[in-house]
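Trainee: Pasting a structure here, questions to come.
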Amino acid sequence: MNGEIQLQVSGLVKRFGEETVLNGIDFCVRKGEVVVVLGPSGCGKSTLLRCMNGLESPDAGSIFLDGEAISAGGKNIAQLRQKIGMVFQSYDLFPNKNIIDNITLAPVKVQKRSKKEAEEQAEKLLKRVGLWEKRKAYPRELSGGQKQRVAIIRALCMNPEVMLFDEVTAALDPEMVREVLDVMIELANQGMTMVIVTHEMQFARAIADRVIFLDGGSIVEDSKPDEFFTNPKTKRAKDFLQTFAYEKRRTNIN
Ligand code: ADP
Ligand code: MG
C-alpha cells in the first residue's frame, strides 16, 4: 500500500422515495488497500457499492476514482466504470456461451480488444484459479464455486484498478465458499485495491486492512480489523458481531 488515494467517497447521499438509505458517507480507499464493509441487512451496503461503480446515481455527494468524478452520469462514466470491476452474489454468466467467451465478451465488445489477446489473458487468469481445463465448458457444467470464480475472472479481464465484491459467497454451498475466498485473498496479496461486502467474519478479519461498519445510513465505525472484532466501539457493532457468535457458543456447550 503506497498511501495514494485511489477511490474517494464524499458526502454520499442516496434516497429511495422517502427512505434515505445513505446519509452522508465519507471514506477513501488507498491504492492496494482492502476495505471490508459490514453492517446489518438492509443498511445500504449494496447501494453503496452500486453507487461506487455508477450503477446508481447519488442524490448528493461525489465519488472520485484517481481524482476524477465517477458519479453524476458524466460523459466519461462508461470508461471510468471499466476501471471498477464488480462481482455480485449471482454470477449471471451467459448460459449459451462457453467460459472463455463469457470472459472475453466485454473486453472485445466494450474495450475493442482483439479476441486473440483477450483470450490469452483469459486463459492466464483461468490458470491462476485452476479452471483452465474448463475454458470450453458451459456454465451449466460448472459448480457454483467454479462459476463464481469465472465471474471474478470476467471482471479481472477488464483490467480494473479497483474491485468491488458484494456478498459473492452468500449463495454458495458451504464447501464452495473457501475456493472463492481464496481467490480474493490471492488478489489482495497481489496488491489489488478492493472493497468487499461479506458475511464471512473470519475472512473479513483476515483480509481487511480496514473495516467500515455501516448502520442507519452512516459509517458508525472505521477501524483496523483487530480493533473492530475484539473491541468494537459502538453498541450497534457489538450487537452485530454478537449475531455471528452462535457457533462459538454452541461449541463451548458441547
Ligand atoms: P444491504 O446490501 O446492506 O442489505 P441494500 O443496499 O440492498 O442493503 O438496501 C438498503 C435499503 O435500500 C433497503 O431498505 C432496500 O429495501 C432499499 N433499496 C435498495 N435498492 C432499492 C431500489 N432500487 N429501490 C427501492 N429501494 C431500494
Ligand atoms: Mg446487499
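The values are calculated or read from the model by the stated rules, or taken from the named source; none is laboratory data. These numbers were taken from a predicted model, which means no experiment stands behind them. A quick note on method: Cβ atoms are made from the backbone with ideal geometry, for glycine too, and the neighbour counts reach across all protein chains shown. Just so you know, the surface numbers come from the protein's heavy atoms only, side chains and all, with ligands and any DNA or RNA stripped out. Shrake-Rupley method; radii C 1.70, N 1.55, O 1.52, S 1.80 Å.
Trainee: Among the residues of region 57-69, are any touching a Pro at 6+ places or on another chain (Cβ under 8 Å) and either more than 16 Å from ligand 2 (Cβ to nearest atom) or hydrophobic (A, V, I, L, M, F, W, C) (or both)?
Mentor: Taking region 57-69 and keeping what is touching a Pro at 6+ places or on another chain (Cβ under 8 Å), we get none.
Scanning region 57-69 turns up no residue that is touching a Pro at 6+ places or on another chain (Cβ under 8 Å) and either more than 16 Å from ligand 2 (Cβ to nearest atom) or hydrophobic (A, V, I, L, M, F, W, C) (or both).
Trainee: Could I ask something else about it? On the given criteria, is Ile100 open to solvent by less than 50 Å² (accessible area, probe 1.4 Å), at pLDDT 95 or above and in contact with a helix residue (DSSP H, G or I) (Cβ under 7 Å, 6 or more places away or on another chain)? Full working, then the answer.
Mentor: Numbers: open to solvent by less than 50 Å² (accessible area, probe 1.4 Å): yes; at pLDDT 95 or above: yes; in contact with a helix residue (DSSP H, G or I) (Cβ under 7 Å, 6 or more places away or on another chain): yes.
Yes.
Trainee: Report yes if some residue within region 73-95 is in contact (Cβ under 8 Å) with a residue 60 or more places away in the chain, over 24 Å from Tyr138 (Cβ atoms) and surrounded by fewer than 21 Cβ atoms within 10 Å (Cβ to Cβ); otherwise report no.
Mentor: So in region 73-95, the residues in contact (Cβ under 8 Å) with a residue 60 or more places away in the chain come out as 82-91, 93.
Add one more test, that the residue is over 24 Å from Tyr138 (Cβ atoms), and what stays is 82-84.
Next cut, surrounded by fewer than 21 Cβ atoms within 10 Å (Cβ to Cβ) only: 82-83.
Yes; the residues of region 73-95 include at least one that is in contact (Cβ under 8 Å) with a residue 60 or more places away in the chain, over 24 Å from Tyr138 (Cβ atoms) and surrounded by fewer than 21 Cβ atoms within 10 Å (Cβ to Cβ).
Trainee: Quick one: Ala170 ticks every box in (1) over 21 Å from Cys51 (Cβ atoms); (2) loosely packed, with under 15 Cβ neighbours inside 10 Å bar one, so which box is it?
Mentor: For Ala170, the exception is condition (1).
Trainee: Just the residues that are in contact with an Asp or Glu (Cβ under 7 Å, 6 or more places away or on another chain), open to solvent by 20 Å² or more (accessible area, probe 1.4 Å) and outside any strand (DSSP E or B), please, taken from region 1-46.
Mentor: Met1, Lys31, Pro40, Ser46
Trainee: For Leu214, work out the one condition from (1) within 16 Å of ligand 2 (Cβ to nearest atom); (2) out of contact with any Cys (no Cβ under 7 Å at 6 or more places or on another chain) it doesn't fulfil.
Mentor: Among (1) within 16 Å of ligand 2 (Cβ to nearest atom); (2) out of contact with any Cys (no Cβ under 7 Å at 6 or more places or on another chain), Leu214 violates only (2).
Trainee: Only one residue in Glu200, Glu186, Glu167 is at positive phi, charged (D, E, K, R) and under 16 Å from the mean Cα position of the chain (by Cα), so which one is that? First the steps, then the outcome.
Mentor: Numbers: Glu200 fails: at positive phi; Glu186 fails: at positive phi.
When all the criteria are applied, what remains is Glu167.
Trainee: Given the criteria open to solvent by less than 50 Å² (accessible area, probe 1.4 Å), more than 22 Å from Gly44 (Cβ to Cβ) and in contact with a Phe, Trp or Tyr (Cβ under 9 Å, 6 or more places away or on another chain), does Leu187 qualify?
Mentor: Values: open to solvent by less than 50 Å² (accessible area, probe 1.4 Å): yes; more than 22 Å from Gly44 (Cβ to Cβ): yes; in contact with a Phe, Trp or Tyr (Cβ under 9 Å, 6 or more places away or on another chain): no.
Judged against the criteria, Leu187 is not a match.
Trainee: Does Gln111 satisfy the condition of being more than 18 Å from the chain's Cα centre (by Cα) and outside any strand (DSSP E or B)?
Mentor: Numbers: more than 18 Å from the chain's Cα centre (by Cα): yes; outside any strand (DSSP E or B): yes.
Taking the combined requirement at face value, the residue satisfies it.
Trainee: Residues in region 74-97: is at least one among the charged types (D, E, K, R), away from ligand 1 (no atom under 16 Å from the Cβ), on the phi < 0 side of the Ramachandran plot and modelled with pLDDT of 95 or more?
Mentor: Here is the first cut: in region 74-97, the ones among the charged types (D, E, K, R) are 75, 81, 83, 92, 97.
Right, trim to away from ligand 1 (no atom under 16 Å from the Cβ) and you get 75, 81, 83, 92, 97.
From what is left, the residues that are on the phi < 0 side of the Ramachandran plot are 75, 81, 83, 97.
This time we only want the ones that are modelled with pLDDT of 95 or more, so: 97.
There is at least one residue in region 74-97 that is among the charged types (D, E, K, R), away from ligand 1 (no atom under 16 Å from the Cβ), on the phi < 0 side of the Ramachandran plot and modelled with pLDDT of 95 or more.
Trainee: Looking at region 59-67, is at least one residue of a type outside the set (A, V, I, L, M), surrounded by fewer than 17 Cβ atoms within 10 Å (Cβ to Cβ) and part of a strand (DSSP E or B)?
Mentor: If we filter region 59-67 for residues that are of a type outside the set (A, V, I, L, M), which is where we start, we get 59, 61-62, 64, 66-67.
Pick out the ones that are also surrounded by fewer than 17 Cβ atoms within 10 Å (Cβ to Cβ) and you get 59, 62, 66-67.
The next check asks that each one be part of a strand (DSSP E or B); those that pass are 62.
Yes: region 59-67 contains one or more residues that are of a type outside the set (A, V, I, L, M), surrounded by fewer than 17 Cβ atoms within 10 Å (Cβ to Cβ) and part of a strand (DSSP E or B).
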